[in-house]
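*Asks:* Pasting a structure here, questions to come.
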């Protein structure tokens, strides 16, 4: 914090507020090294501050929403300035700058809080989970990044993303049960109708603060469910001992809190239940000793003083200005991308990267060396896509048919994929990373890493890079058909009125645009079970070069060729070339 008295005061305020409003979380923060605590206080105090604005019932709903919006806008402006007149935001801005935390990931969570000011109702568990996870995950991901920046070897690395999310579901449900009286006082019932409807009368009794058998049953059911979600033995498998201790302690405190909820009875409608001091002490005393030992064996990297840090964090906005991201490195030849009219530029290019193995064999190398060289080509093509303004690039990285290859090649390829995603070569570029494919048979740590990268880049807007890993086109179609059948069986769709739009909405990525240009290298001319739904009207472009020999100039040539083609989608040459696909004839002229 240096010698800035206003900054020291800001962090002290964050500490006091965290201790007063969230004593359990304050106790957990005390388990981290002293150098990390101010950042944790700032993050937690900021989350509480914006929640308080949304919950301020002295103001009308639209006023509360406007206050939250003003808070978000002020944070955006102050991140660019590097300081704030609001003490909590001042500490948060300093934390982001000092630890190089990307606050863009908070934007969606902050908007959720703004919308919470108008009240929430959840028809079912999926809706509740979507809200809970979108609200919590960005904050916890920033804490994970904080541990990464501190140099912890395994910074809250989890064996299973589903386990992580379910644990946070347990955290949110425990928090909701604890704050039930406060929410009900504001006429909010943040529980899904799906579960309330199982206990007739429970919803009305809760809204009128009446303790009844139905209320007792729903509380018992929900505490049992929260306990089940919190109990995740595999949560800390392979994790560094220090953060593992924090996670274990967090789970113990949540279980103690659920015990307090269970024993509260009717008093849960009058105030938040709390575990006995002795219970908390029995949990925290040995945890402090274990954490102190683990951290004593772990060197912690402390960032330099604020004035020594020149890189500013990105501003938290959906459309982050490109100036906050690094521009792609220029091509070694100095060649610039061609100037192509906007109407002749594709929106979505999909690439079958063929020829890695043949490239290696021609050079007397093992096949996996071809894949390694191919990874370099991927980086080049992504740079070229950014330079030309392409919005969507999808690459066929590992197909379901690739499992038929030799085990040695599969292992090498999966290790390379993990290495590339872990290295995160597009960290400082405005690239949103998405994964398309199935988790079955893939290494769990690769699945975790892919999902983390998806989550951390989801607000980036310049280029969406979709990696098809363990992907098969027919499998995608089959899964979509099964999902459509389930929706029909539940009565959500009339089978006689199902449209192409309905089918597309049941695909794994319903927002993925149709492919305009399908490009395959390696002198092969087939589509190989790649994106059959999305490539129906794609222009096909085949080149003889092997993928490792490809660079951004080849992408530019492909896009230039695309611009020369007349796309009719079933119309004749005299008709408009951009006819609606929904109205197009089933085959081209």
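The values are calculated or read from the model by the stated rules, or taken from the named source; none is laboratory data. Everything numeric here is computed off the predicted structure, so don't read it as measured data. Note: ideal-geometry Cβ built from the backbone for every residue, glycine included; neighbour counts use all protein chains shown.
*Asks:* In region 55-71, which residues are surrounded by fewer than 20 Cβ atoms within 10 Å (Cβ to Cβ) and either under 16 Å from residue 17 (Cβ atoms) or in contact (Cβ under 8 Å) with a residue 60 or more places away in the chain (or both)?
*Replies:* Result: 55, 56, 57.
For every residue, the table says whether it meets (1) touching a strand residue (DSSP E or B) at 6+ places or on another chain (Cβ under 8 Å); (2) closer than 29 Å to residue 562 by Cα; (3) at pLDDT below 95.
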{"position": "382", "(1), (2), (3)": "yes, yes, no"}
{"position": "385", "(1), (2), (3)": "yes, yes, no"}
{"position": "389", "(1), (2), (3)": "no, yes, yes"}
{"position": "393", "(1), (2), (3)": "yes, yes, no"}
{"position": "396", "(1), (2), (3)": "yes, yes, no"}
{"position": "408", "(1), (2), (3)": "no, no, yes"}
{"position": "411", "(1), (2), (3)": "no, no, yes"}
{"position": "419", "(1), (2), (3)": "no, no, yes"}
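*Asks:* Could you pull out the residue among 110, 79 that is surrounded by 19 or more Cβ atoms within 10 Å (Cβ to Cβ), touching a residue at least 24 places away in the same chain (Cβ under 8 Å) and closer than 20 Å to residue 135 by Cα? Explain how you work it out, then say what you get.
*Replies:* Details: 79 fails: closer than 20 Å to residue 135 by Cα.
Residue meeting the stated conditions: 110.
Residue-wise test of (1) farther than 21 Å from residue 25 by Cα; (2) at pLDDT 95 or above; (3) buried (at least 19 other Cβ atoms within 10 Å of the Cβ); (4) in contact with a helix residue (DSSP H, G or I) (Cβ under 6 Å, 6 or more places away or on another chain).
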{"residue": "207", "(1), (2), (3), (4)": "yes, no, no, no"}
{"residue": "213", "(1), (2), (3), (4)": "yes, yes, no, no"}
{"residue": "218", "(1), (2), (3), (4)": "yes, yes, yes, yes"}
{"residue": "223", "(1), (2), (3), (4)": "no, yes, yes, yes"}
{"residue": "237", "(1), (2), (3), (4)": "yes, no, no, no"}
{"residue": "261", "(1), (2), (3), (4)": "no, yes, yes, yes"}
{"residue": "272", "(1), (2), (3), (4)": "no, no, no, yes"}
{"residue": "276", "(1), (2), (3), (4)": "no, no, no, no"}
{"residue": "281", "(1), (2), (3), (4)": "no, no, no, no"}
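*Asks:* Could you grab me the full set of residues in region 451-487 that are under 17 Å from residue 395 (Cα atoms) and without any contact (Cβ under 8 Å) to a residue 24 or more places away in the chain?
*Replies:* Scanning region 451-487 gives a single hit, 454.
*Asks:* Let me ask something else about it. So, in region 510-528, how many residues would count as being closer than 17 Å to residue 355 by Cα, in a loop (DSSP other than H, G, I, E, B) and touching a residue at least 12 places away in the same chain (Cβ under 8 Å)? Steps first, answer last, please.
*Replies:* In the first step, residues of region 510-528 are kept if they are closer than 17 Å to residue 355 by Cα; the result is 518-528.
Subsequent filtering for residues that are in a loop (DSSP other than H, G, I, E, B) retains 521-528.
Those still in the list that are touching a residue at least 12 places away in the same chain (Cβ under 8 Å) too: 521-525, 527-528.
The total comes to 7.
*Asks:* From 507, 555, which residue is more than 14 Å from residue 354 (Cα to Cα) and modelled with pLDDT of 95 or more?
*Replies:* Values: 507 fails: modelled with pLDDT of 95 or more.
Exactly one residue qualifies, and that residue is 555.
*Asks:* To continue, here is another question. If residue 442 passes every condition in (1) within 19 Å of residue 552 (Cβ to Cβ); (2) assigned to a loop (DSSP other than H, G, I, E, B) but one, which one does it miss?
*Replies:* So the condition that residue 442 fails would be (1).
*Asks:* Between 400, 345, which is within 19 Å of residue 534 (Cα to Cα) and more than 27 Å from the chain's Cα centre (by Cα)?
*Replies:* Details: 400 fails: more than 27 Å from the chain's Cα centre (by Cα).
Within the list 400, 345, the selection yields 345.
*Asks:* Just a yes or no: is a residue in region 519-540 in contact with a helix residue (DSSP H, G or I) (Cβ under 8 Å, 6 or more places away or on another chain), closer than 24 Å to residue 340 by Cα and crowded, with 20+ Cβ neighbours inside 10 Å?
*Replies:* For region 519-540, residues in contact with a helix residue (DSSP H, G or I) (Cβ under 8 Å, 6 or more places away or on another chain), closer than 24 Å to residue 340 by Cα and crowded, with 20+ Cβ neighbours inside 10 Å: present.
*Asks:* A further question follows. When both residues are 6+ apart or on different chains and their Cβ atoms are under 7 Å apart, which pairs have a first residue that lies in region 123-135 and is buried (at least 18 other Cβ atoms within 10 Å of the Cβ), and a second that is assigned to a helix (DSSP H, G or I) and at pLDDT 85 or above?
*Replies:* Cβ pairs passing all conditions: 129/169; 132/169; 132/172; 133/168.
*Asks:* What number of residues within region 388-438 satisfy the criterion of being more than 27 Å from residue 538 (Cβ to Cβ) and either in a helix (DSSP H, G or I) or without any contact (Cβ under 8 Å) to a residue 40 or more places away in the chain (or both)?
*Replies:* Qualifying residue count for the region: 16.
*Asks:* How many of the residues making up region 351-367 are in a helix (DSSP H, G or I) and surrounded by 21 or more Cβ atoms within 10 Å (Cβ to Cβ)?
*Replies:* Initial filter on region 351-367 (in a helix (DSSP H, G or I)): 356-362, 367.
Among the residues that remain, those that are also surrounded by 21 or more Cβ atoms within 10 Å (Cβ to Cβ) are: 356-357, 359-360.
Of the residues in that region, 4 qualify.
*Asks:* Condition test on residue 340, is it modelled with pLDDT of 95 or more, within 21 Å of residue 517 (Cβ to Cβ) and in contact with a helix residue (DSSP H, G or I) (Cβ under 7 Å, 6 or more places away or on another chain)? Working first, answer last.
*Replies:* Values: modelled with pLDDT of 95 or more: no; within 21 Å of residue 517 (Cβ to Cβ): yes; in contact with a helix residue (DSSP H, G or I) (Cβ under 7 Å, 6 or more places away or on another chain): yes.
Against the criterion (modelled with pLDDT of 95 or more, within 21 Å of residue 517 (Cβ to Cβ) and in contact with a helix residue (DSSP H, G or I) (Cβ under 7 Å, 6 or more places away or on another chain)), residue 340 does not qualify.
*Asks:* Further question: Please count how many residues of region 145-163 are modelled with pLDDT under 80, in contact with a helix residue (DSSP H, G or I) (Cβ under 8 Å, 6 or more places away or on another chain) and assigned to a helix (DSSP H, G or I).
*Replies:* So the count comes out to 1.
*Asks:* Please specify each residue of region 179-191 satisfying the condition of being closer than 16 Å to residue 263 by Cα and either crowded, with 21+ Cβ neighbours inside 10 Å or at pLDDT below 90 (or both).
*Replies:* If we filter region 179-191 for residues that are closer than 16 Å to residue 263 by Cα, which is where we start, we get 179-181.
Across region 179-191, the qualifying residue is only 180.
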